[in-house]
Amino acid sequence: MEDERAPSGGVERALTVFLAGAECPYTCSFCDLWRWTLDGPTPPGALPAQLSRALESLAPPPLPHRLKLYNASNFFDRRAVPAEDLPRIAELAAPFAAVTVESHANTIGPSTLEFAALLSGKLEVAVGLETVHPVAAAHLNKKLELDRFDRAAGFLAEHDIDLRVFVLLGAPYVPVEESIEWTVRTVAYAAARGARRIAVIPVRGGNGEIERLQALGDFIPPTLTQLETVVERCLAFSSAVVSADLWDVERLPACEACRSERVARLRQMNLSGLAQPAVSCSVCA
């Protein structure tokens with residue numbers, strides 16, 4: 001359960017349910033989500049059963065505004081989410097005003113509209129753009145060309161479906177001295193194509209491939225102060241809510257004397273959309 005700043009202003013409550021299903025067919029070099037997936041196709045009925053159990057554990061109403069269904073894969077890949085499960089998933093999601101699912105841009109299409117039509121609330125699709133750095137984008141194994149992202153964004157806008165975008169900080173193959181600039185450029189690219197929410201995600205190790213790239217000098221872990229700088233610069237984008245993904249934020253390299261203050265500052269900027277007083281630290285000054 002978390003609070004998020006809404007594009008229309010104010011703060012909304014969101015519930016994220018992590019569903020276990022089939023692995024994503026795209027083997028992006030920075031991704032570790034495959035660790036939480038199944039070896040084969042998702043069995044029909046499995047996802048509704050998981051979602052039902054999760055919702056049963058909720059406290060009494062009022063319910064959160066938004067339900068996020070993250071399955072560590074692509075919601076519109078029928079190997080990951082069986083078509084016969086969509087009506088029941090939509091029925092379980094009916095009490096929520098908005099529903100977010102995740103998808104590679106390549107799987108957005110008619111099945112997206114099918115699910116949107118089943119929902120009583122507003123659909124939002126979260127798409128990983130990652131980076132517009134040309135060298136990095138070509139090496140991430142994402143299999144995503146910018147024109148395909150553009151078409152997916154246009155398709156969602158045409159059908160009144162909201163777009164949330166994931167952007168990487170510290171993407172492999174981006175020179176460390178250019179990391180902040182390319183992250184901000186990628187955020188700007190997503191905002192210009194209609195993204196209403198943009199999450200900046202620091203690349204984290206743990207999947208093996210990132211460690212290999214680090215040993216080769218092709219990846220340098222992003223720092224907490226870099227994340228601060230990106231969020232500060234992106235507060236200028238008025239058309240989209242830009243926030244820092246603080247999942248596992250304690251793993252980011254940082255000065256231990258001021259780490260907690262910097263994380264608290266990021267949380268405040270996430271919720272308010274306003275610059276906060278800079279952290280003063282005699283240790284890392």
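Just a few scattered comments:
- Residues that are more than 14 Å from Ala137 (Cα to Cα) and aliphatic (A, V, I, L, M) were ranked within segment 163-189; the one that is most open to solvent (accessible area, probe 1.4 Å) is Val176.
- Unmet requirement for Pro44, which otherwise passes all of (1) open to solvent by 40 Å² or more (accessible area, probe 1.4 Å); (2) in a loop (DSSP other than H, G, I, E, B); (3) more than 16 Å from Ala20 (Cα to Cα): (3)
- Screening the candidates Thr223, Thr186, Thr229 for the property of being without any contact (Cβ under 8 Å) to a residue 40 or more places away in the chain and of a type outside the set (Phe, Trp, Tyr) yields one hit, Thr223.
- Single residue of segment 1-34 satisfying the filter (hydrophobic (A, V, I, L, M, F, W, C) and part of a strand (DSSP E or B)) that is most open to solvent (accessible area, probe 1.4 Å): Phe18
- With respect to the conditions (1) open to solvent by 10 Å² or more (accessible area, probe 1.4 Å); (2) modelled with pLDDT of 95 or more, Glu209 lacks only one, and its number is (2).
- Counting only residues that are open to solvent by 100 Å² or more (accessible area, probe 1.4 Å) and within 24 Å of Glu12 (Cα to Cα), segment 237-276 holds 4 of them.
- Strands (runs of 3 or more DSSP E) (entirely within segment 61-162) containing at least 1 residues that are open to solvent by less than 10 Å² (accessible area, probe 1.4 Å), within 21 Å of Arg204 (Cα to Cα) and in contact with a strand residue (DSSP E or B) (Cβ under 6 Å, 6 or more places away or on another chain): 122-130
The values are calculated or read from the model by the stated rules, or taken from the named source; none is laboratory data. Remember, it's a predicted structure, so these values are computed and weren't measured experimentally. All Cβ positions, glycine included, derive from the backbone under ideal geometry; neighbour counts span all protein chains shown. The area values use the complete protein model at the heavy-atom level, side chains included, leaving out ligands, DNA and RNA. Shrake-Rupley method; radii C 1.70, N 1.55, O 1.52, S 1.80 Å.
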